[in-house]
Amino acid sequence: MKEHYFFELTRKQQLESSLTLPVSVLTGLGGIVFSLAQSFRYGFNLKSYVFTGSLIMAALCLALTFYYLIRATHRFNYELVPASVDLLNYYEKSQEYYRSIGAPYKADQDFEAEMKQAYANASSKNRQNNISKAGYLYKAIMGLVAAAFFLAVSAVPYFADALTKPKEIQRIEIVRPGGTMPENDNSPARPTGNTNQPTSQPTSQPVKPTFPANSTTREGDQPSRPTFPVNSATKDATIVYQRTKKD
């Protein structure tokens, strides 16, 4: 009786741990159904009818799977034997009782019989719970298999629609620098701005700095400390300003 009692408790833990995989598969298949339903081009043709019908059946199977998983995780009332402290108190009181009636040897027999009955009652109740939990889990797995089958059926019209889908025409617009394109390409360009203004003197273009070269070091050598640059001396220079006369 004792072994059967602990076997049912171990089976309960195994059934609860086996619920992780169906929940993950249910989440993945639900995401696939949602993605296919959003990206398919519906119309009044055979492909749309087959796709819609199979996708609805897959969604119903997933809904039933979700229901059976909820039932499998429902709070079943498992029965446990009394705690050790309660058993010890009962045993001591049982010894006092049987000593008072002149049959102390019956205390052990009575305790052993009560323990067997407690193990038998608890294991029977827990066995029924485990059978119900395993049944719901089996139905949930069958629901996932049916949903996967209907998804495979819906994949045929989905990929057929994807292969026959026309490619989008890309429009390329060429914009000339300085504004929009003129109506006639042969017409001379119109001058912009005031033509009477004198042309400004060319200014010096900035010089792009040179990127420092990479340094080479050998493995194991310690890098040398950089030398701080020495201050440079320069003479006062006269800044000459030139004025340009307008025409």
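Things worth noting here:
Table: residues versus (1) within 30 Å of residue 4 (Cα to Cα); (2) of a type outside the set (A, V, I, L, M).
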site: 47; (1), (2): no, yes
site: 51; (1), (2): no, yes
site: 55; (1), (2): no, no
site: 60; (1), (2): no, no
site: 63; (1), (2): no, no
site: 69; (1), (2): yes, no
site: 74; (1), (2): yes, yes
site: 78; (1), (2): yes, yes
site: 83; (1), (2): yes, no
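- Residue count for the stretch 7-52, restricted to those that are farther than 22 Å from residue 159 by Cα and surrounded by 13 or more Cβ atoms within 10 Å (Cβ to Cβ): 13.
- Taking the listed residues 59, 118, the one that is in a helix (DSSP H, G or I) and over 27 Å from residue 154 (Cβ atoms) is 118, with no other qualifying.
- In the stretch 65-85, residue surrounded by the fewest Cβ atoms within 10 Å (Cβ to Cβ) [restricted to those that are in a helix (DSSP H, G or I) and β-branched (Val, Ile, Thr)]: 85
- In the stretch 87-112, the residues that are farther than 12 Å from residue 2 by Cα, part of a helix (DSSP H, G or I) and free of Cβ contacts under 8 Å to residues at least 12 places away in the same chain: 88, 89, 92, 93, 96, 97, 99, 100, 106, 108, 109
Every number in this text was worked out from the coordinates using simple rules, so none of it is lab data. Worth saying up front: this structure is predicted, and the values here are computed from it rather than measured. Please note: Cβ atoms are built from the backbone with ideal geometry, for glycine as well, and neighbour counts cover all protein chains shown.
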